[in-house]
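The values are calculated or read from the model by the stated rules, or taken from the named source; none is laboratory data. All figures in this text were calculated on a predicted structure; none of them were measured in a lab. Cβ placement follows ideal geometry from the backbone for every residue including glycine, while neighbour counts extend to all protein chains displayed. When the accessible area is computed, the model is the full protein with side chains, heavy atoms only, and any ligands, DNA or RNA have been set aside. Shrake-Rupley method; radii C 1.70, N 1.55, O 1.52, S 1.80 Å.
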Amino acid sequence: MTKLIFVFIIFLIFVWRIKRGFHNGIMKEVVTILSGIVSLISVALIFFAISSYIAKAMSTLTVCVIGLVLLGTVFRLCSLIFKPIMALSNLSVIGGLDKVMGAVMGALEACALSYLLYFVLNYMGMYIL
């Protein structure tokens, strides 16, 4: 019964991510993934900066602040690069290809989410397969 529930959840993840990827297109999917990665790195740098401030390690705090500024600059440059490319996806031929590649990207995201779910459940002692 547990295997059936796990397979059903994986199926729902695949349907959800492929549908969302097709709707967004590959360019918006890439921007979304890039934004998620940048936000995770930013949160880690902010927590590291706070702990460095509490520990009175000013050199580490300076490195964290410089890292945040550089990360923000790189993210802004990437968003300036992606805006014209996303505007090209409105063309009919490129738009169709963008949507199909977005569905493929959604399937890859579903594979990654499925593996993460399996890894977490296996780590918690719930052996599925």
Worksheet item: Is region 61-74 home to any residue that is surrounded by 15 or more Cβ atoms within 10 Å (Cβ to Cβ) and either among the polar types (S, T, N, Q) or under 25 Å from residue 113 (Cα atoms) (or both)?
Response: no
Item to complete: Would you be able to say whether some residue in region 44-63 is free of Cβ contacts under 8 Å to residues at least 40 places away in the same chain, closer than 30 Å to residue 14 by Cβ and out of contact with any helix residue (DSSP H, G or I) (no Cβ under 7 Å at 6 or more places or on another chain)?
Response: yes
Worksheet, complete the sentence: Taking region 76-108 and keeping only residues that are touching a Ser or Thr at 6+ places or on another chain (Cβ under 8 Å) and at pLDDT 85 or above, one is left with 98
Worksheet item: For region 4-44, how many residues are of a type in the set (A, V, I, L, M), closer than 23 Å to residue 77 by Cβ and either surrounded by fewer than 18 Cβ atoms within 10 Å (Cβ to Cβ) or in contact with a Phe, Trp or Tyr (Cβ under 6 Å, 6 or more places away or on another chain) (or both)?
Response: 9
Item to complete: Give the number of residues within region 87-129 that are free of Cβ contacts under 8 Å to residues at least 24 places away in the same chain and hydrophobic (A, V, I, L, M, F, W, C).
Response: 13
Item to complete: Answer with yes or no whether residue 94 is among the hydrophobic types (A, V, I, L, M, F, W, C), farther than 21 Å from residue 19 by Cα and open to solvent by 40 Å² or more (accessible area, probe 1.4 Å).
Response: no
